[in-house]
Amino acid sequence: MMNTNESKQKKQRILIYIFFGLLTLLSVLPFWIVIVNSTRTAEQIQQGLSLIPGRNFFNNWQILRDGGFNIFQGYWNSFFIAFSSTALSMYFSSLTAYGLTVYDFKLKRPAYLLIMFMIMLPPQVNIIGFYRFMVDLGLLNSYIPLIVPAAASAPTVFFMKQYLQTIYHPALVDSARIDGASELKIFHSIILPLMKPAIATMSIFGFVQSWNNFLMPLMLINDRSRFTLPMLVQLLTTDTYTTQYGSLYLGISLSIIPLILIYLFLSKHIIGGVTAGGVKM
Amino acid sequence: MESTSETVPKKKKLAKIKNTNKFGYYFILPFFLVFAAFNLYPTLYTLYLAFVDISGFNLEGNFIGMQNFSYLLTNNLFLQASYNTLLLWVVNFIPQIGLALLLAYWFTNYQLKLKGQGFFKSVFYFPNIITAASVAVIFFTLFDYPRGPINLILMEVGVLEAPFDFFRSAFATRSIVAFIQFWMWYGQTSIVLTAGILSIDKSLYEAAVIDGATAWQTFRRITLPLLKPITLYVLITSLVGGLQMFDIPRLLTDGGPNNSVETLMTYIFRQAIEGGRNVSIAAAASVYLLILTIILSAVIFFFIRDKSEREA
Amino acid sequence: MIKKKFGMTLGILSTLALLSSCGNEGAVGTDGGDDTLVVWSFTDEIEQIIEEYYLEDYDDLAYDIDIVQFPTEEFERILDPLIGTGDEPDVILMEQNFAKKYVDSGYLADLEQFEGLREGSEETYDYVKEVGTHEDGTLVANAWQAAPGAFFYRYSLAEEYLGVSEPEEVQELMSDWDGFVETARVIREESDGDVYMIASVDDLRFAFLGGREQGWVVDDELVIDDLAYDLLDTALTMNEEGLMLDAPASGAAYFAGMSNDEIFGYSLPTWGLNFWLEPNGGEATAGDWRMTQGPSTYFRGGTWIGIADSSEMKEEAAHLIEYATTSQDFLERWANDTGDIVSNEEVVEEVSGDYSNDFLGGQNHYAAFADMIDDIEAGFVTEFDQTINDLFMDHALTPYSKGEVDLDTAIQNFRQSVANLFPYIEVGLD
């Protein structure tokens, strides 16, 4: 009885592993095909599928560059925006979370409720007003509208506050306060270091989210030299590359490789973050 | 410094600490300044734009009341876009939550003791982190006509005799968009649900085991009912996200063929940027979207508030 | 003290803002300073004109010229938000498809206030000026180019399958659309289906739609000309009978047909010869092409130049435009150097005298084109063309010609799609 049950479970387990294997293929194969095809010629790609890289990488690269696909510029632009906005977001979210955790003031609860309410409101819903406002301010083609709003990120504040509540104790800051340290200094020297784990987790999500943002830059940025990576990717669908399959695939590959690398190193943190916060990216 | 602080009377210390409360305002001020400038004001501006008649090269408009709103309710493309948005969400969400529940059930099944869970979770979540724009272009090339990889495979194995132009078929295009959404999100959903299951009181399961319940029975009778709130959370966050769907349909076929994957966001973008540049109509459509999102957000809000207040 | 520190913290914000605006240098600027004439273009020809001709002749200008070029498909999206704000570039280049939008916007300066332009433009072809004229009759944009369209065909293929080869003979076969389709059938039959008459619907589209007397929109009403219906039918017929390759326009297969023996001919305007046919035909087919009128008189494309009314350098801008669009000396050099058909009647007559093109087997296509220009009507050009042409392609021509929908559905969908993007246009739906 016990035996059949165990063998049944063994069978079930094998079936599940097979199923997991299929899902793994589903997750990986599309990217693998793209990367492999980026090393093949247009003719090879049209003739048939291969899972083994070819030898046309350099040629594809040449064609890609000639078509005006400036990947390094794109990397830098995206990195600059993602890095700046993440830094802003982390700093001010921690600051806000701290303000809402340790002090008691009249508007504390309304402020917190407002932030909680905004958690789910995606920035796209006011994009028309946002866009016109930026036109009025003459901020088309500027990175300011892509960076500064990150300083008011409700989900990050919420996560930071949740974290702070678990580690904060008035005794932490009492002695410093008695020593006459300023409130801001206390925050910088005592609290921020303590929040490193939360900042690390949220940084990854903030960075990736900004890196992947498409709609906002699409509306605001016109100048090709200021295009972010997703906007460059969009160029791949235009006429220039319709026949140059190899370089088309290479362009896509180059756009996803940084994220694949990030994921290889940080997937544990990312999965941990998703598990902890149910973070919605 | 330390020696002097010890001489300060206790009462004065307290007073000093109490005084600091006003710093709460300073600390949250930057957040609310940025919020006011880049979020609140644009929202009010959108609202204003929705009640005037700005289009084309006009920079100012006349107040026209609810006309833009009533126009939208009779406009077939807006209605179609609303329908598509919901359809694409439903078609991706049902299999997504189904598979996620199944995966969560397996991940947490104490009898199965599956190995490599961390690895599989990472792999299933992986597509979610990749730029949606890139994902769209990937699928665009994979389903390319006539000699894209999918056509090549399907002809190789004999499913197709001649290449099929996927992006000229409404059904195929919708299916591809829904599949991409499903594929990008089921991993995330399964991880959240797994975390939800693991947070359920262990003693309930122990009692069930003593009563001789099978794993499936405990899952159906204990896990599923207790998982309802978190499932609701997943459902609404997914719906709010789904309402904003833009990158994939925009880059795959730009809403085509025959508007089959035109979504609310591609509609809004199109109205504001293309053709007559009907900014006010786009704004009114945004307001509809905003209202819908606020209603959904309210549900989530009460959910999170109750939860965080229970914890606090 | 603490407030000060807070100021510092907030300073991070502004530092970052500063940082990100520092990157602005060399970015798109419409305000190039007092002594820079800013020119926005979608074509690189203007750069050639300015740098290789204008600045050679005028090397002592007291100001700089900054030419900013955008891809054609992005041009409107970039320029549109600036129109009317006073932040427009000084000089704006416009493509046929969207020229009227800016011409009729009221934000371009009257060109005839400048004497040189007023006099110089007298020799400009009427159709060119018609496109550049505001509804109230003021000329606000002019062009250096005329772009009559024709049908380019393969001499050897005509000889082989039609038994005739000279332009006059071929023209006789295809002087109307019935003849055109009939010729296509003959070619298909004689070649056992190896050769298609044309490569894509674009070879029909411009020739048909360019012959309309009315534009897409007249008095805020959508007008679907009979020629648009004829276009739909012809495209369907040619697809059903396998008379055209139906390759995506400007795609690989489309251009490949210029060098292999699969395609009999292309409907192209003047610039199609220099920009598309010669480079893609290459040595494989050089000398084997001929040009004839084809079944319709039309024009396709062209570049108009205007001055933003907000510009503070109108005189300087007018000087450039006068040179580029009316200087007979320049236009003659340009015509001889590039083979372009220019917009100035006198120059065209002058140049066409003893022109011969090797790619066209020595044919004097210049004279042939010159003859066509007089018949060109520009009345069909409207401010809606870019968008409505696309909508007609996406919702009517493509699905109908591929047999996906019937005629009523195609027309209905098209009308509806126009209504969606231009709510104030009466599209004729029930």
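Bear in mind these aren't lab numbers, they're just calculated from the coordinates by the rules spelled out. Here the structure is a predicted model, which means the values were calculated and not measured. Ideal geometry is used to build each Cβ from the backbone, glycine not excepted, and the neighbour counts take in all protein chains shown.
Rounded to the nearest 500, what is the 222 nm mean residue ellipticity of chain A from helices alone, with -39500 (n - 2.57) per DSSP H run of 4+ residues and division by all residues?
Calculated from helices alone, the mean residue ellipticity at 222 nm is -23000 deg cm²/dmol.
At 25 °C and 0.890 mPa s, grab the translational diffusion coefficient of chain C from Stokes-Einstein with a Kirkwood Rh over Cα pairs, rounded to a whole number in µm² per second.
Calculated translational D: 105 µm²/s.
With Rg and the Kirkwood Rh both taken from Cα atoms, where does Rg over Rh land for region A:71-122?
My calculation puts Rg/Rh at 1.20.
In region C:161-290, what is the volume of the convex hull around the alpha carbon atoms, normalised per residue and reported in Å³?
Looking at region C:161-290, the number lands at 120 Å³ per residue.
Per the Cauchy relation, a quarter of the hull surface: what is the mean projected area of the convex hull of the alpha carbons in region A:70-235, in nm²?
Dividing the Cα hull surface by four gives the mean projection, 11.2 nm².
Normalising by the residue count of region C:58-178, find the relative contact order in percent from Cα pairs under 8 Å and 6+ residues apart.
Relative contact order comes out at 16 percent.
Check C:T382: other-chain or 5+ apart residues with amide H under 5 Å from its amide H, H built from backbone geometry?
Here C:W216 satisfy the definition.
Only sites in a loop by DSSP and with at most 14 other Cβ atoms within 10 Å count here; which trypsin sites (Lys or Arg not before Pro) in region A:1-70 make the cut?
Sites meeting the loop and neighbour criteria: A:R55.
Step by step: find N for region B:146-289, compute 2.2 N^0.38 Å, then divide the Cα radius of gyration by it. What's the final number?
For region B:146-289, the normalised Cα radius of gyration comes out at 1.52.
Could you rank the peptides C:141-149, B:214-222, B:231-239, C:258-266 by their average count of other C-beta atoms within 10 Å per residue, with the highest value first?
Per-residue mean Cβ counts within 10 Å order the peptides as C:141-149, C:258-266, B:231-239, B:214-222.
Under a Cβ-Cβ cut-off of 12 Å, what is the net charge of the residues other than A:N56 that fall near it, where Lys and Arg count +1 and Asp and Glu count -1?
Local charge sum for A:N56: +1.
How long are the semi-axes of the ellipsoid equivalent to chain A, from square roots of 5 times the Cα gyration tensor eigenvalues, in whole Å, largest first?
41, 31, 16
Between helix A:127-137 and chain A, what is the angle of the helix's C-alpha long axis to the longest principal axis, kept within 0 to 90° and rounded to the nearest 10?
So the inclination is approximately 80 degrees.
Mind jotting down the distance between the C-alpha centroids of region C:226-240 and region C:278-316, whole Å?
Comparing the Cα centres of region C:278-316 and region C:226-240, I get a distance of 26 Å.
Averaged over its residues, how many other protein chain Cβ atoms are within 10 Å of peptide B:178-191's Cβ atoms?
Mean inter-chain Cβ contacts per residue within 10 Å come to 2.
Computed over the Cα atoms, what is the radius of gyration of region B:70-311 divided by 2.2 N^0.38 Å, N being its residue count?
Compared with the compact-globule rule of thumb, region B:70-311 sits at 1.20.
Counting only Cα, what are the radius of gyration and maximum Cα-Cα distance Dmax of region A:108-169, in Å?
15.0, 46
How many angstrom separate the Cα center of region B:115-144 from the Cα center of region C:87-110?
45
With each run of n ≥ 4 DSSP H residues scored as -39500 (n - 2.57), what mean residue ellipticity at 222 nm is computed for chain C after dividing by its residue count and rounding to the nearest 500 deg cm²/dmol?
About -12500 deg cm²/dmol.
Relative contact order of chain C: what whole-number percent is it, with Cα pairs under 8 angstrom and at least 6 residues apart?
Computed value for chain C: 23 percent relative contact order.
What is the helix-to-structure angle for C:177-190, meaning the angle in degrees between its Cα long axis and the longest Cα principal axis of chain C, kept from 0 to 90 and rounded to the nearest 10?
Once rounded, the angle reads 60 degrees.
Taking beta carbons within 10 Å but only from partner chains, what does the mean come to for residues A:106-115?
3
Go through A:K108/B:K202; A:K196/B:K22; B:K121/B:K202 and tell me which ones have a Cα-Cα distance over 30 Å in this structure.
Violating the 30 Å limit, Cα to Cα: A:K108/B:K202.
With N denoting the number of residues in region B:85-204, provide Rg(C-alpha) divided by 2.2 N^0.38 Å, to two decimal places.
Rg over 2.2 N^0.38 Å, computed on Cα atoms: 1.31.
Just to check I understand the Karplus step: with θ = phi - 60° and J = 6.51 cos²θ - 1.76 cosθ + 1.60, what whole-Hz values come out for region B:67-76, glycine and proline as x?
Karplus values, whole Hz, x for Gly and Pro: 3, 4, 5, 6, 4, 4, 5, 10, 8, 5.
Can you tell me the equivalent ellipsoid semi-axes for region C:307-430? Use √(5λ) from the Cα gyration tensor, largest first, whole Å.
Listed largest to smallest, the semi-axes of region C:307-430 are 40, 25, 11 Å.
Classify region A:1-116 as rounded, prolate or oblate, taking a ≥ b ≥ c as the square roots of the eigenvalues of its Cα gyration tensor: rounded when a/c is under 1.5, otherwise prolate if a/b is larger than b/c and oblate if not.
Here region A:1-116 falls in the oblate category.
How far apart, in nm, are the 7 Å Cα→Cβ label points at B:N62 and C:D226?
4.0
For region C:275-322, rounded, prolate or oblate, judged on the Cα gyration tensor with a ≥ b ≥ c (square roots of eigenvalues), a/c < 1.5 rounded, else prolate if a/b > b/c?
It is prolate, given that a/c is not under 1.5 and a/b is the larger ratio.
For region A:24-66, state what percent of all Cα-Cα pairs lands in each successive 10 Å bin, counting from 0 Å until the bin that includes the largest distance.
Values per bin, smallest distances first: 29, 50, 19, 2.
Can you pull the Rg over Rh of the protein assembly as shown, Cα-only, Kirkwood?
Using Cα coordinates only, the ratio equals 1.02.
Going by average Cβ neighbours within 10 Å, how do the peptides A:207-213, C:385-391 rank, with the highest at the top?
Ranked by mean Cβ neighbours within 10 Å, highest first: A:207-213, C:385-391.
Restricting attention to the alpha-carbon atoms of region C:97-176, what are Rg (one decimal) and Dmax (integer), both in Å?
19.8, 57
Using θ = phi - 60° and the Karplus relation 6.51 cos²θ - 1.76 cosθ + 1.60, list the HN-Hα couplings for region B:222-229 in order, rounded to whole Hz, with x at every Gly or Pro.
Computed from phi, the couplings for region B:222-229 are 10, 5, 4, x, 6, 8, 3, x Hz.
If you take every DSSP beta bridge whose two residues both sit in the protein assembly as shown, what share of them, in percent to the nearest 5, is antiparallel?
Here the share of antiparallel DSSP bridges comes out near 70 percent.
Which three extents, in angstrom, do the Cα atoms of region B:53-122 have along their principal axes, listed largest first?
Here the Cα extents, ordered largest to smallest, are 68, 24, 17 Å.
If one computes the Cα centroid of region A:120-177 and of region B:233-312, what distance in Å separates the two points?
If you average the Cα positions of each part, the centres end up 20 Å apart.
With a 10 Å radius around each residue's Cβ, average the other Cβ atoms per peptide and rank C:38-50, C:167-179, highest first.
Highest mean packing first, the order is C:38-50, C:167-179.
Across peptide A:244-253, what mean number of C-beta atoms from other chains lies inside 10 Å of a residue's C-beta?
Taking all residues of A:244-253 together, the mean is 3.
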